[in-house]
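What follows is a short report on a single structure.
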Amino acid sequence: MKFADASGRILNVYQSNTQLPDETWLKENIESKSKTLIDRSLDEENFTYINANFHTWYWGECREPGLRVLDYCNSRGVPVWTAERVYEFLKMKDEASFSDIKWSHNQLTFKLSSAINSSEGLTFLLPAFYCSSKIKSITLNDKNSKFELKTMKGYEYAFVTVTPGKIYEVSAGYR
């Protein structure tokens, strides 16, 4: 969540709720609770990031359960990011924008603008179906683009990953 100043102007400062504070790891069986949160996010498609604190001054006491949670993340294919990496991702995601969105003759076109350079890809989703038509092609700046079809919450989407820091003319053809 971004902060706002007293006049309501949105600031480029983020706050993140800590679902797994390390101060309670040994007191409240946070290891088990963390697995529940991870499983719900993945298995029930309630996708989110989960913020866990690993304070250096408290690491000695919660090291073993903390390492088990990290191992569990690894076993489920869950990436573990630093707070800085999450912040950079959120800035990149929030800054990206879609404009000039048009639909004509089974063709969806729009502009994707992204000014923040990052070594991470920026992924957007398009519906795989519109009415009775299925997505058949996607072009970025008039060049064919790869996309991957995945189902989330019962709906199929085309996932497209681009290099951030650029402007793209996107066209998606449906038949």
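The values are calculated or read from the model by the stated rules, or taken from the named source; none is laboratory data. It should be emphasised that the depicted structure is a prediction, and the values quoted were computed from it without experimental measurement. So basically every Cβ, Gly included, is an ideal-geometry build from the backbone, and we count neighbours across all protein chains shown. Each accessible area value is taken on the protein alone, full model and side chains, heavy atoms only, with ligands, DNA and RNA left out. Shrake-Rupley method; radii C 1.70, N 1.55, O 1.52, S 1.80 Å.
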(request) Can you work out the accessible area per residue across the range 134-175, with the rest of the protein chains kept in place, probe 1.4 Å, in square angstrom? (result) 63 Å²
(request) Output the relative contact order of the range 1-115, whole-number percent, from Cα pairs under 8 angstrom with separation of 6+ residues. (result) 18 percent
(request) With a ≥ b ≥ c taken as the square roots of the eigenvalues of the C-alpha gyration tensor of the range 71-175, please select rounded if a/c is under 1.5 and otherwise prolate if a/b is larger than b/c or oblate if it is not? (result) oblate
(message) If I compute solvent accessible area with a 1.4 Å probe over the protein chains, what percent of it on the range 67-175 is carbon and sulfur?
(response) 52 percent
(request) Mind scanning LYS33/LYS93; LYS102/LYS146; LYS2/LYS150 and naming the pairs with a C-alpha gap bigger than 24 Å? (result) LYS33/LYS93; LYS2/LYS150
(request) Using Rg/Rh (Cα atoms, Kirkwood Rh) as the read-out, say which of (1) 1.20; (2) 1.05; (3) 0.96 was calculated from these coordinates. (result) (2)
(message) At 1.4 Å probe size, what's the solvent-accessible area of SER171? Round to the nearest 10 Å².
(response) 20 Å²
(request) Could I have the simple spin-label model distance between SER133 and THR151, label points 7 Å from Cα toward Cβ, reported in nm to one decimal? (result) 2.4 nm
(request) Determine the dipole magnitude for the chain: charges of +1 sit on the beta-carbon of Lys and Arg, -1 on that of Asp and Glu, nothing else is charged, the reference point is the Cα centre, and the result goes in debye to the nearest 20. (result) 740 debye
(request) Quick one: dipole size for the range 42-87, taken about the Cα centre, charges +1 on Lys/Arg Cβ and -1 on Asp/Glu Cβ, in debye to the nearest 20. (result) 180 debye
(message) What three numbers, in Å, describe the spread of the alpha carbons of the range 1-84 along their principal axes, ordered from the longest?
(response) 45, 34, 22
(message) Just the number: Rg to Rh for the range 115-175, Cα atoms, Kirkwood Rh, two decimals.
(response) 1.00
(request) Using label points projected 7 Å from each Cα along Cα→Cβ, tell me how many nm separate TYR87 and GLU45, to one decimal. (result) 3.4 nm
(message) Name the residue from GLN107, MET152, ASN12 whose Cα lies farthest towards the positive end of the charge dipole of the range 1-153, charges +1 on Cβ of Lys and Arg and -1 on Cβ of Asp and Glu.
(response) GLN107
(request) Hey, can you find the accessible area per residue of the range 1-126 for me, probe 1.4 Å, expressed in square angstrom? (result) 66 Å²
